[in-house]
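Supplied in structure tokens, the structure appears directly below.
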Amino acid sequence: MNKLLSLAIATLFSANALASEIAVLDFRAALLQSDAGQAAAQEPRQQVDQMKARLDQENKALKDMVESLKRDELTLSSEQVSERRGQINQKQQQLRGMVQAMQQQAQQMEQQLIQRLTPQGEAALKEIIDERNLDAVINRQAAIYTNNSVDITAELIEKLNEEN
């Protein structure tokens, strides 16, 4: 009798655990794909485009320096060749520094954008949690497998767009 009662209680608790409402969400993607996120991303996107244009310009200058050295190498003295190679190396280092700085600046701009949008996103998420009576929301990147039916990213984007 005790075994039967224990089995019944264990089954009841297992059923309650299975009845939990869990959803997954890519919060960052929802913020950035919402209308507000797209609008707020215009200025940073333009800044990144300007940085890329400058980087392309510098990269072309480096390529021209290398081609010039290849073309003139046989007519230059060894000192002149060494000097030009030094200039090319210096330009390459400068370009690597520019790329690194550009990547850092782009990451900072994205983080600032997400920080500005987070309060609105959290409020909309809270509404979805209350409406669906969710027990847990898990970051989509942390889940190994999820069924598409539990992903609320698109729903959060819709809610954010409705509020704007």
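Here, each number is a calculation from the coordinates, and none is a lab measurement. Nothing here was measured: the structure is a model prediction, and the numbers come from that model. Counting neighbours? That spans all protein chains shown, and the Cβs are built from the backbone with ideal geometry, glycine included.
Test Val99 against the criterion of being among the hydrophobic types (A, V, I, L, M, F, W, C), within 30 Å of Ser20 (Cβ to Cβ) and in contact (Cβ under 8 Å) with a residue 24 or more places away in the chain, and give yes or no.
For Val99, the condition - among the hydrophobic types (A, V, I, L, M, F, W, C), within 30 Å of Ser20 (Cβ to Cβ) and in contact (Cβ under 8 Å) with a residue 24 or more places away in the chain - is not met.
What about Glu110, is it within 21 Å of Asp49 (Cα to Cα), touching a residue at least 12 places away in the same chain (Cβ under 8 Å) and either of a type in the set (D, E, K, R) or loosely packed, with under 13 Cβ neighbours inside 10 Å (or both)? Step through it out loud before you land on a result.
Numbers: within 21 Å of Asp49 (Cα to Cα): yes; touching a residue at least 12 places away in the same chain (Cβ under 8 Å): yes; either of a type in the set (D, E, K, R) or loosely packed, with under 13 Cβ neighbours inside 10 Å (or both): yes.
For Glu110, the condition - within 21 Å of Asp49 (Cα to Cα), touching a residue at least 12 places away in the same chain (Cβ under 8 Å) and either of a type in the set (D, E, K, R) or loosely packed, with under 13 Cβ neighbours inside 10 Å (or both) - is met.
Does any residue in segment 134-162 that is without any contact (Cβ under 8 Å) to a residue 60 or more places away in the chain come within less than 9 Å, Cβ to Cβ, of a residue that is surrounded by fewer than 17 Cβ atoms within 10 Å (Cβ to Cβ) and part of a helix (DSSP H, G or I) six or more places away or on a different chain, and which pairs are these?
Final answer for the pair search is Glu155/Arg132; Lys159/Glu127.
Would you tally the residues in segment 130-150 being surrounded by 16 or more Cβ atoms within 10 Å (Cβ to Cβ) and not in a helix (DSSP H, G or I)? Full working, then the answer.
Just the residues of segment 130-150 that are surrounded by 16 or more Cβ atoms within 10 Å (Cβ to Cβ), to begin with: 134, 137, 140, 150.
Checking the rest, the ones that are also not in a helix (DSSP H, G or I) come to 134, 137.
Result for segment 130-150: 2.
With the requirement that a residue be charged (D, E, K, R) and out of contact with any helix residue (DSSP H, G or I) (no Cβ under 7 Å at 6 or more places or on another chain), what does segment 25-48 give you?
Answer for segment 25-48, where residues must be charged (D, E, K, R) and out of contact with any helix residue (DSSP H, G or I) (no Cβ under 7 Å at 6 or more places or on another chain): Glu43, Arg45.
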